[in-house]
1. At 0.36 nm per residue, and after removing the present C-alpha to C-alpha distance, how many nm does the segment from ILE267 to ASP134 gain when stretched out fully?
2. Would you mind checking the tilt of helix 255-267 against the longest principal axis of the Cα atoms of the chain, expressed as 0 to 90 degrees and rounded to 10?
3. For the range 132-253, what is the convex hull (Cα atoms) projected area averaged across all directions, in square nanometres?
4. Can you tell me the length gained on complete extension of the stretch ALA31 to SER90, counting 0.36 nm per residue apart and subtracting the Cα distance?
5. Roughly speaking, what is the stretch gain from ASP59 to THR161, that is 0.36 nm per residue apart minus the C-alpha to C-alpha distance, in nm to one decimal?
6. Does anyone have the angle between helix 132-141 and the longest principal axis of the chain? Alpha-carbon axes, 0 to 90°, nearest 10?
7. Whole number in Å², please: accessible area per residue of the chain, 1.4 Å probe, ligands, DNA and RNA not counted.
8. Can you tell me the relative contact order of the range 132-253? Whole percent, Cα pairs under 8 Å, sequence separation 6 or more.
Amino acid sequence: MDTNSSTLRVGVVGYGHLGQFLVDKLLEAGAGLGLVLGFVWNRNPNKLVGSVPAELILDDLSSFANRRCDVIVEVCHPQIVRDFGLKFLSEAHFMVGSPSALSDPDLNQKLRQASLQHSRTLYIPSGALWGGQDIQRMNDSGTLEALFIRMSKHPSCFRLTGDVLSDWTEGEGRRVLFRGSVADLCPLAPNNVNTMAAAALAAGKLGFPGVQGEIVSDTELKDFHVVEVEVTGPDGFSVHTVRRNPAKLGAVTGSATYNSFWNSLLICRGHGGRVYLC
């Protein structure tokens, strides 16, 4: 498969809100941009019937290689990255929509090795991360000293393991749920902190243990998710950004993130055997 050719075959794994958005964009606008939908897989295949052309529905994800895609996009769950990431990279470039899975150092290293071995790119979409390329440049130049990210959302927007937020009540205001390393945070909120995981991958020298994160439940945030990034460099250098991402109550993903993922996909035409923030 030649990802420098004019047409790129894309497989989409997951058909939640983000997966549906990408599939619709590929079917509607893909041809004009040199993108062809190769397959769609979803844990519940019945959800695809009537929405995705029958010939594009993949019933068994283990047979993905038969569809000969150039890029496979995961927008499903971190477990898919654990179970299929190495297999995907043996056949195609891999865009990881759940980079929180890479907080596992063993999996992280194995995926990097597979990327190098097969000359495939492990793409990490920026998602809701603002300034990711700048963070990566500081990291690569050795000037990144510290990185902190705070994500604040309405409590209905969090999907946490355990019962950390089971007792929230409307009108309670702001509650800090966790503050610490992103390595420790990812298992607690694997579906909510992919932005932080992308930042930890951009800041490779700090890594998941070195990047600090905080998640905040705030009942006042009925229309937005808020992502704050604080970057620290040498000699007093610092940058503090605040990103307000429109989001409906209960939405895990803010609305602006959908187009961000689409723009990331447009970049996935092969960047060698490495991790690439897109």
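1. Working: separation 133, 0.36 × 133 = 47.88 nm, distance 1.73 nm.
Additional length available on full extension: 46.1 nm.
2. Value to nearest ten degrees: 50.
3. On the way: hull surface 28.5 nm².
If you wrap the Cα atoms of the range 132-253 in a convex hull and average its projections, you get 7.1 nm².
4. Working: separation 59, 0.36 × 59 = 21.24 nm, distance 2.58 nm.
Net length gain for the segment: 18.7 nm.
5. On the way: separation 102, 0.36 × 102 = 36.72 nm, distance 2.86 nm.
Separation in residues times 0.36 nm, less the Cα-Cα distance, equals 33.9 nm.
6. The two axes meet at around 80 degrees.
7. Details: 12270 Å² over 278 residues.
Per-residue accessible area for the chain comes out at 44 Å².
8. Numbers: 247 pairs, mean separation 47.0, N = 122.
The normalised contact order for the range 132-253 reaches 39 percent.
The values are calculated or read from the model by the stated rules, or taken from the named source; none is laboratory data. These numbers were taken from a predicted model, which means no experiment stands behind them. Don't worry about glycine lacking a Cβ; one is built from the backbone with ideal geometry, like all the others, and counts go over all protein chains shown. What goes into the accessible areas is simple: the full protein's heavy atoms, side chains included, and nothing from ligands, DNA or RNA. Shrake-Rupley method; radii C 1.70, N 1.55, O 1.52, S 1.80 Å.
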